[in-house]
Amino acid sequence: MEKKSSRDRDGEMGGGAAHARTLPPPSRAHPPPPPPRPRIEPIDREKTCPLLLRVFTKIGSHHKPEDFAVRGKEPKDEVQIYTWKDATLRELTDLVKEVAPEARRRNAKLSFAFVYPDKHGRFVLRVVGMTHSSGRRPDDLKALAELNFQIGDYLDVAIM
């Protein structure tokens, strides 16, 4: 039986590492595009039980993480909202506007942050988006689930 030799793309004999081809460095002209946003499966709100979202509002800035450190002594300006993980920041903006007159002003901006305990039990405040009272913004369409909201997190809203 005759053995046939294999040749690589350049016509060289294969079978060894004697011939190594160097590749040019990757082009740095354009950074790679960001990964596509994960789309959240829509929730059937007729069949799915809503979650309780504890929302704390403050005029001018966010609360400090320490304000949430003692259970039962959270900030007094709380609004409790029953909603779903597919709720968008625009939906939450409209709900906050119903209870906070300052949020209804035309030039009002609402900054949203999740408040949750870290692995050491200390509370962390993580800003997740900003909306405007009037007009649409890119963050309007962000859903709680897309922002990695976990049931039990607080929502802190700074009204500016």
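The values are calculated or read from the model by the stated rules, or taken from the named source; none is laboratory data. On a predicted model such as this, the values are computed, not experimentally measured, just so you know. Positions of Cβ are backbone-derived with ideal geometry, glycine not excepted, and every protein chain shown enters the neighbour counts. With ligands, DNA and RNA removed, areas are computed over all heavy atoms of the protein, side chains included. Shrake-Rupley method; radii C 1.70, N 1.55, O 1.52, S 1.80 Å.
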Note on the range 69-84: residues closer than 16 Å to Leu144 by Cα and outside any loop (DSSP other than H, G, I, E, B) are Gln80, Ile81, Tyr82, Thr83
Under the condition of being touching a strand residue (DSSP E or B) at 6+ places or on another chain (Cβ under 6 Å) and part of a loop (DSSP other than H, G, I, E, B), which residue from the range 40-68 is surrounded by the most Cβ atoms within 10 Å (Cβ to Cβ)?
His63
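Rundown of residues vs (1) open to solvent by less than 60 Å² (accessible area, probe 1.4 Å); (2) at pLDDT below 95; (3) in contact with a helix residue (DSSP H, G or I) (Cβ under 8 Å, 6 or more places away or on another chain), yes/no style:
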position: Val96; (1), (2), (3): yes, no, yes
position: Lys109; (1), (2), (3): no, no, no
position: Gly121; (1), (2), (3): yes, yes, no
position: Val128; (1), (2), (3): yes, no, yes
position: Gly135; (1), (2), (3): yes, yes, no
position: Val157; (1), (2), (3): yes, no, yes
position: Met160; (1), (2), (3): no, no, no
How about the range 137-155: which of its residues are within 23 Å of Val99 (Cβ to Cβ), assigned to a helix (DSSP H, G or I) and open to solvent by less than 50 Å² (accessible area, probe 1.4 Å)?
Asp139, Asp140, Leu147
